[in-house]
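Undergrad: Can you read through this structure? Questions will come right after.
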Amino acid sequence: MGIAELAAVGAHLKQRRDAILKAWRGAVTEDPMLTTGASLPRAQFHDHIPALLADFERTLAGTSDGADVDGRDVHQGDAAAHGLHRWQQGFDLSEVTRELGRLNECVVVELESYAMVHAELAPDVMAQARRIWARQCADAISASVSQYFELQQIEATSHIRDLELALKAMRELEQERARLWHEAAHDLRGGLGVVASATAGLASPQASEQMRERFVRLLDRNVGSLSHLLNDVTSLARLQGGLEHRVLAPLEVAALLAGLCEEMQPYAQQRALYLRFSAEAPMAVEGDAVKIRRIAQNLVINALKYTVSGGVTVSCGPGSATDSDRWFLQVKDTGPGFHAGPGSQLAGAIEEATEQARQVTADHASGKVTHVDVELADTYPAPDDPREIRAVPGEGLGLSIVKRLCSLLDATTELQSEMGVGTTFRVLLPRRYGEAAAQP
């Protein structure tokens, strides 16, 4: 089979890895159907692609000591991590498969170039190298897409839980209303007869003040939350149906977010919480003001909903020195941290991707390659969390809406959560969009 020759091919590819990555990024940049990664810094765009190449190199070299030539034991986790990151970064599924297809083309070109330079090689050597790459590339695409699809299923599961909780809340509302009307009918039987509705009961001069207060509390507690849930369901349906499109224009995001926080002060004050906005300076960017506002509003409402004491701080600013093409929107609370509930798996996936992205960036700076050797889908639920489960309708939907809006805006969602300290959501958005990205 030419074991030594295959190992030499692996060594050559290792030397050429940076050139392959450069060619791959060029191919992706020139592809008009791949726009989401344009504003990502190189380390985050490359994420686990170097690991996939390193796995191939290792497999070729490993054939000399009897290792599995398929390399299935080394690259499944790296490929799954790639799917996780692309989901986090706002790619759609077609972009995930298409960019891996561009990678396949670049590696094939490199193998063909090596074969032309080394014409003395036996034909079966390069044929075996191509077969190994074909298997690993196919498996990598499958693992990446499967991970991406698993995350979509997690979203769908959280939606079902939310709707089940909403139906349960509506049934409890009906039962409570029936019980109250039974009491009202008993109290008012002599003077009013059967009362037809809550409005009539409230309007009746013979209804006691205590009865009116109970009706008001019942209606206030349920009508607002159900109305918000219906709005979320409608919004999510439009996003999933492809009926929402971004409308890009110059905007001053600090003013936009300051105005939102000012409008939401009463919501925070009702809960005895602070709501603060912080920005170092005005910041002009290009973006969709309506959708950016919706992202911030959903995050702030969710943060205020689960924070018991302290409050929420909203901030924005330019990206880091290594990420100058993006700006950040951040919502930080002093709540219990994300844990069990409708949105916990979704939040866990974002948190896992955030931690890995930071590791990728750190490894990239030191010249290392980040490998992930485990399947990721089963790691998202938080194990043995001692806090009370607070499953409130709308949690999963709200986070899904944020994620879908971020995908529409080519934005990356990051999350850090610490038990008893709080949760920080950070959204990284492009400062400018290219012409091809104006009408996705």
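The values are calculated or read from the model by the stated rules, or taken from the named source; none is laboratory data. Note that the coordinates shown come from a computational prediction; the quantities given were computed from them, not determined experimentally. When the accessible area is computed, the model is the full protein with side chains, heavy atoms only, and any ligands, DNA or RNA have been set aside. Shrake-Rupley method; radii C 1.70, N 1.55, O 1.52, S 1.80 Å.
Undergrad: How much of C106 can a 1.4 Å solvent probe reach, expressed as accessible area in Å² and rounded to 10?
TA: Here the residue's solvent-accessible area equals roughly 20 Å².
Undergrad: Spelling out what I want: for every residue of segment 315-327, take phi, set θ = phi - 60°, compute 6.51 cos²θ - 1.76 cosθ + 1.60 (Karplus), and round to whole Hz; glycine and proline get x.
TA: Taking θ as phi minus 60°, the curve returns 9, 8, x, x, x, 6, 4, 8, 9, 6, 7, 10, 10 Hz for segment 315-327.
Undergrad: For D139, what accessible surface area do you get with a 1.4 Å probe? Give it in Å², rounded to 10.
TA: 30 Å²
Undergrad: Can you list residues from other chains, or at least 5 along the same chain, whose modelled amide H is less than 5 Å from the amide H of G287?
TA: Sorted by chain and number, the residues that satisfy this are A249, L251.
Undergrad: Now for a separate question. Let me cross-check W133: its accessible surface, 1.4 Å probe, with only protein heavy atoms counted, in Å² to the nearest 10?
TA: 10 Å²
Undergrad: Further question on the same structure: For segment 294-339, what is Rg from Cα atoms divided by 2.2 N^0.38 Å, rounded to two decimals?
TA: 1.34
Undergrad: Which ³J(HN,Hα) values in Hz, rounded to whole numbers, follow from the phi angles of segment 426-434 under the Karplus curve 6.51 cos²θ - 1.76 cosθ + 1.60, where θ = phi - 60° and Gly and Pro get x?
TA: 10, 10, 9, 10, x, 6, 9, 10, x
Undergrad: In whole Hz and in residue order, list the ³J(HN,Hα) couplings for segment 32-38 that follow from phi through the Karplus curve 6.51 cos²θ - 1.76 cosθ + 1.60, θ = phi - 60°; x for Gly and Pro.
TA: x, 8, 10, 10, 5, x, 4
Undergrad: Can you give me the long-range amide H partners of S278? Hydrogens built in the peptide plane at 1.01 Å from N, cutoff under 5 Å, separation of 5 or more residues or another chain.
TA: V314, S315, C316
Undergrad: Hey, another quick one. What's the center-to-center distance, using Cα atoms, between segment 96-148 and segment 308-324 in Å?
TA: 41 Å
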